[in-house]
Structure formats: C-alpha cells, structure tokens
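S.K.: Take this structure, written in structure tokens, and hold onto it; I'll ask about it next.
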Amino acid sequence: MAKSEITELTDQRVKAPAPLWATLVATFLGIGKLKPGPGTWASAAAMLIWFVLARWIPAAWQPGALAVLAVLAIGIGIPAATRVARASRTEDPQLVVIDEVAGQWIALLFAPVAWKTVLAGFILFRAFDIGKPPPVRHLERLPEGTGIVMDDVAAGIYALAVLQLLIHFGVFGNIS
C-alpha cells in the first residue's frame with residue numbers, strides 16, 4: 001500500500017464522527033451542547049441529579065453510591081472523551097462535559113445532602129475547575145481522554161477537601 005493511500009485511510013478514520021455511545025456519554029446526553037458554559041450546565045445537572053437521587057438512597061449508602069457514579073463517569077468518560085476529541089480534531093472539545101460530571105460528583109462525596117452543602121460543592125468545584133491550581137493544569141497534558149477527564153477529577157478532589165473542611169468547622173451550621 002502506498003504512503004498516500006495510508007495517509008488517506010488515516011484521514012478518513014479521523015474524519016469519521018464519534019460513535020453515538022461516545023457522543024452521548026461525552027456530552028452527558030447532549031448537555032455539552034448547551035451554551036454558554038457547557039461545563040457549568042453539566043456540573044449543575046450532576047449536582048441536581050445527585051440531590052434528587054440521594055433522596056431514595058439511605059444516608060449510610062450515599063457515599064458508596066456516589067463513588068460508584070463517579071467511577072463510572074471516569075471509566076466510561078475517558079474512552080468517550082477520547083473518541084469525541086479525535087473525531088472533532090480538538091484536544092479538549094467544549095462539548096465534552098462528562099469530566100465535569102465526574103469532578104462534581106467527587107466534590108460532593110461524603111457531604112450531607114442538603115441544599116447548602118450541595119450548592120457549596122458546586123461553587124467550589126467550578127472554582128477549582130476554572131482556576132486549575134497546580135497540579136490540576138498539568139493533568140491536562142495526559143493523553144487524549146485521560147487528560148480531559150483527570151484534570152476535572154483533581155479539581156473535584158480539591159473541592160471535596162475544602163468542602164469537608166467547611167463542614168468540619170461548622171460553616172453551614174446544623175445541616176443534618
């Protein structure tokens with residue numbers, strides 16, 4: 001096979017749209033297409049989904065259930081983000097928001113499900129995701145979907161730590 005034929009085949013593969021499953025996962029069922037600020041929309045959706053879903057889960061099981069959701073978002077999100085990024089020929093397409101979903105759910109781990117803590121977790125996660133303190137920004141350099149997702153995972157861990165400190169020191173008052 002001639003070099004030009006190989007290049008043409010490679011270009012055709014890259015130009016192909018991402019599989020439907022990858023697009024649905026990466027955009028969190030299309031939320032990534034909302035404007036402005038698709039990442040903020042996705043974080044808000046993740047926050048609201050957890051706020052509603054947690055009502056049907058016993059309090060003792062909530063951290064485990066949310067951890068499972070976050071791990072699923074990461075595990076399925078990395079290959080989905082990779083496929084969508086390749087198809088769009090963009091390193092970190094704005095419409096890929098599964099990373100915000102995973103990071104937001106991490107931020108809310110171990111927090112009592114009350115409007116004050118959930119809202120604070122949302123604000124903290126968005127601040128760390130947008131601000132990208134070290135080493136969050138460095139994680140973007142990881143290849144493809146791993147870099148897209150892992151920087152938001154790190155932002156979620158920062159938000160989780162700060163939220164837990166705020167809860168520990170009683171900033172929210174009685175939230176039980």
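S.K.: For Asp151, are the conditions met, namely being touching a Lys or Arg at 6+ places or on another chain (Cβ under 8 Å) and under 18 Å from Ala73 (Cα atoms)?
M.R.: For Asp151, the condition - touching a Lys or Arg at 6+ places or on another chain (Cβ under 8 Å) and under 18 Å from Ala73 (Cα atoms) - is met.
S.K.: Let me ask something else. Out of all the residues in the range 86-104, which are open to solvent by less than 20 Å² (accessible area, probe 1.4 Å), hydrophobic (A, V, I, L, M, F, W, C) and either within 26 Å of Ala59 (Cβ to Cβ) or not in a helix (DSSP H, G or I) (or both)?
M.R.: Val96, Val97, Val101, Ala102
S.K.: Does the range 129-176 hold any residues that are among the charged types (D, E, K, R), assigned to a helix (DSSP H, G or I) and in contact with a helix residue (DSSP H, G or I) (Cβ under 6 Å, 6 or more places away or on another chain), and which are they?
M.R.: Matches in the range 129-176: Asp129, Glu144, Asp151, Asp152.
S.K.: How many residues does the range 2-45 hold that are in a helix (DSSP H, G or I) and either at pLDDT 90 or above or not small (Gly, Ala, Ser) (or both)?
M.R.: 30
S.K.: Filter the range 105-156 down to residues that are surrounded by 18 or more Cβ atoms within 10 Å (Cβ to Cβ) and more than 15 Å from the chain's Cα centre (by Cα) and give me whichever is nearest to Val71 (Cα to Cα).
M.R.: Ala111
S.K.: Right, next: Looking at (1) out of contact with any His (no Cβ under 9 Å at 6 or more places or on another chain); (2) open to solvent by less than 70 Å² (accessible area, probe 1.4 Å); (3) within 25 Å of Gly32 (Cβ to Cβ), which is the one condition that is false for Val162?
M.R.: Going through (1) out of contact with any His (no Cβ under 9 Å at 6 or more places or on another chain); (2) open to solvent by less than 70 Å² (accessible area, probe 1.4 Å); (3) within 25 Å of Gly32 (Cβ to Cβ) one by one, Val162 breaks only (3).
S.K.: Residue check: is Trp61 free of Cβ contacts under 8 Å to residues at least 12 places away in the same chain and more than 17 Å from Ala154 (Cβ to Cβ)?
M.R.: Judged against the criteria, Trp61 is a match.
S.K.: Taking the conditions exactly as written (more than 15 Å from the chain's Cα centre (by Cα), at pLDDT 95 or above, closer than 20 Å to Phe172 by Cα and part of a helix (DSSP H, G or I)), does Ala54 satisfy them or not? Write out each step before concluding.
M.R.: Numbers: more than 15 Å from the chain's Cα centre (by Cα): yes; at pLDDT 95 or above: yes; closer than 20 Å to Phe172 by Cα: yes; part of a helix (DSSP H, G or I): yes.
Answer is yes for this residue.
S.K.: Evaluate the following for Leu48: is it farther than 24 Å from Leu139 by Cα, out of contact with any strand residue (DSSP E or B) (no Cβ under 6 Å at 6 or more places or on another chain) and outside any helix (DSSP H, G or I)?
M.R.: It is false that Leu48 is farther than 24 Å from Leu139 by Cα, out of contact with any strand residue (DSSP E or B) (no Cβ under 6 Å at 6 or more places or on another chain) and outside any helix (DSSP H, G or I).
S.K.: Go through the range 42-73 residue by residue and tally those that are closer than 15 Å to Leu24 by Cα and surrounded by fewer than 22 Cβ atoms within 10 Å (Cβ to Cβ).
M.R.: 2
The values are calculated or read from the model by the stated rules, or taken from the named source; none is laboratory data. In this text the structure is predicted, and so the values were computed from the model without any measurement. Every residue, glycine among them, receives a Cβ derived from its backbone with ideal geometry; neighbour counts consider all protein chains shown. Surface areas here come from the heavy atoms of the whole protein model, side chains and all, with no ligands, DNA or RNA. Shrake-Rupley method; radii C 1.70, N 1.55, O 1.52, S 1.80 Å.
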